[in-house]
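Heads up, the thing below is written out as structure tokens.
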Amino acid sequence: MVDYCDLFREFEIKKRKYSNMSDRIMIRVPIALNDGFQEKHKKPIKDHIANRSQYKDKVSWVGDKLRLEPEIAKTLFQNACVSATNHLKSLFKLPEVKDVPTILMVGGFSESPMLQEIVQNALPDKQVIIPADAGLAVLKGAVIYGHDPSVIQERRCRYTYGVETSFPFKEGVDPIDKKFTNDNGKDFCSNKFDIHVRIGEAASSKENQAWESYSVVRSDQTEVTFKFFATEDKEPNFTTDPRCKEIGKLTVDVPGSGMGRSVKVRMIFGDTELHAEAIVEQTNQKTKASLNFLG
């Protein structure tokens, strides 16, 4: 395991420093890897490379190191660099960010001169800023946020979040297999995705989402338990849709008994974790609401 970690660490260093597409790369190969390869294939890695025509004059073994010529070396990072720039281009086509003039590159890979050059060439109309110690920028930001949460004004929701609930059944619209009747004899449609926030929407820690109202469907209910879902679809209809994924459960206490009781629930998405608040509509009193993401 030590050799395994050393190999990844070696690659991480090369990834951050590789700058010139005409440079070769030298990677130290752990002894354990060579020994394991020889035990399985009855020959060392060096001989295996020498017998592969596609590696001729491109990959060679020098001492305990693997030497990759530029043609091979640049392919280690090319796909990642192209994928990153393509993603940026797709983001800048969105109306919310199309006029953003600056790209701030952070994270370990942002220290790669190769990635920096490709991004700058692919988006020449954008100002690219790479802070000192870009690899530590995320960590430093987390520490600063811990001391002062107000430094982050809002977040963009990565998914559409909501709960599974039941709505009054609409004849000719809702699937018949989702129809059921409650204790009052009213027909409802099950597995409905009740949206609390949509993908791409701004979520501020200072602003809560709108209240959503839910009623009991049985007279003996003492709590309402919702399955909590996330999806990349902006307007999901049912929680059984292919891209919907259950991520937890929301449980809200409903005091009293009988039908006609209801609670209002709102989610808070702007913090580092999700929160839920609930009140009983009939009394306007707060009631317990808890989220469980552990299954």
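The values are calculated or read from the model by the stated rules, or taken from the named source; none is laboratory data. Remember, it's a predicted structure, so these values are computed and weren't measured experimentally. Methodologically, a virtual Cβ is constructed for each residue, glycine included, from the backbone with ideal geometry; neighbour enumeration extends over all protein chains shown. We work out accessible area using only protein heavy atoms, side chains counted, and drop any ligands, DNA or RNA first. Shrake-Rupley method; radii C 1.70, N 1.55, O 1.52, S 1.80 Å.
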**Report entry** Normalised contact order of the range 85-146, rounded percent, pairs of Cα under 8 Å and 6 or more residues apart
**Finding:** 37
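Run through the range 30-106 and list the trypsin sites (Lys or Arg not before Pro) located in a DSSP loop whose Cβ has at most 12 other Cβ atoms within 10 Å. Don't jump to the answer; show the numbers that get you there.
On the way: sites: LYS40, LYS42, LYS46, ARG52, LYS56, LYS58, LYS65, ARG67, LYS74, LYS89, LYS93, LYS98; in loops: LYS42, ARG52, LYS56, LYS58, LYS74, LYS93, LYS98.
Taking the range 30-106 and a limit of 12 other Cβ atoms within 10 Å, the loop trypsin sites (Lys or Arg not before Pro) found are LYS42, ARG52, LYS56, LYS93, LYS98.
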Report task. Let me know the shape class of the range 1-82, please: from the alpha-carbon gyration tensor, a ≥ b ≥ c as square roots of the eigenvalues, rounded when a/c is under 1.5, otherwise prolate if a/b is greater than b/c, or oblate. Result -> oblate
Report summary line: In terms of the alpha carbon gyration tensor, root eigenvalues a ≥ b ≥ c, rounded if a/c is under 1.5 and otherwise prolate when a/b exceeds b/c or oblate, the chain is prolate
Requested in this report: Would you mind calculating the relative contact order of the range 156-290 from Cα pairs under 8 angstrom and at least 6 residues apart, reporting the percent as a whole number?
Outcome: 25
Query raised in the report: Could you give the length gained on full extension between ASN34 and GLU12, defined as 0.36 nm per residue of separation minus the Cα-Cα distance, in nm?
Result: 5.9 nm
Report task. Express the relative contact order of the chain as a whole percentage, based on alpha carbon pairs under 8 Å and six or more residues apart in sequence. Result -> 12
Report task. Could you tell me how many degrees, from 0 to 90 and to the nearest 10, lie between the Cα long axis of helix 137-147 and the main elongation axis, the longest principal axis, of the Cα atoms of the chain? Result -> 40
Query raised in the report: Which order do THR102, THR181, THR160 take by accessible area at a 1.4 Å probe, largest first?
Result: THR181, THR102, THR160
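For LEU104, LEU66, what's the largest-to-smallest order of accessible area, 1.4 Å probe?
Details: LEU104 115, LEU66 40 Å².
Of LEU104, LEU66, the descending order of accessible area is LEU104, LEU66.
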Report summary line: Asserting the computed 222 nm helical MRE of the chain (DSSP H runs at least 4 long, -39500 (n - 2.57) per run, divided by residue count, to nearest 500) equals -7500 deg cm²/dmol
Query raised in the report: Can you give the angle from 0 to 90° between the axis of helix 113-122 and the longest principal axis of the chain, with both taken from C-alpha atoms, to the nearest 10?
Result: 60
Report summary line: Share of accessible surface on carbon and sulfur in the chain, whole %, 1.4 Å probe and ligands ignored, is 51
Requested in this report: Taking the Cα centre of the range 214-281 as origin, sum charge times position over the Cβ atoms of Lys and Arg (+1) and Asp and Glu (-1), and report the length of that vector in debye to the nearest 20.
Outcome: 160
Report task. Compute the Cα gyration tensor for the range 184-249, then decide on rounded, prolate or oblate, letting a ≥ b ≥ c be the square roots of its eigenvalues: rounded whenever a/c is under 1.5, prolate when a/b is larger than b/c in the other cases, and oblate in all that remain. Result -> oblate
Query raised in the report: Summing Lys, Arg as +1 and Asp, Glu as -1, what charge do residues with Cβ under 13 Å from the Cβ of MET259 carry, MET259 excluded?
Result: +1
Query raised in the report: Computed FRET efficiency, Cβ-Cβ of ASP64 and ALA142, R0 51 Å: what is it to the nearest 0.05?
Result: 0.85
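Calculate, for the chain, the solvent-accessible area per residue in square angstrom, rolling a 1.4 angstrom probe over the heavy atoms of the protein chains.
Details: 18190 Å² over 295 residues.
With all protein chains present, the chain gives 62 Å² per residue.
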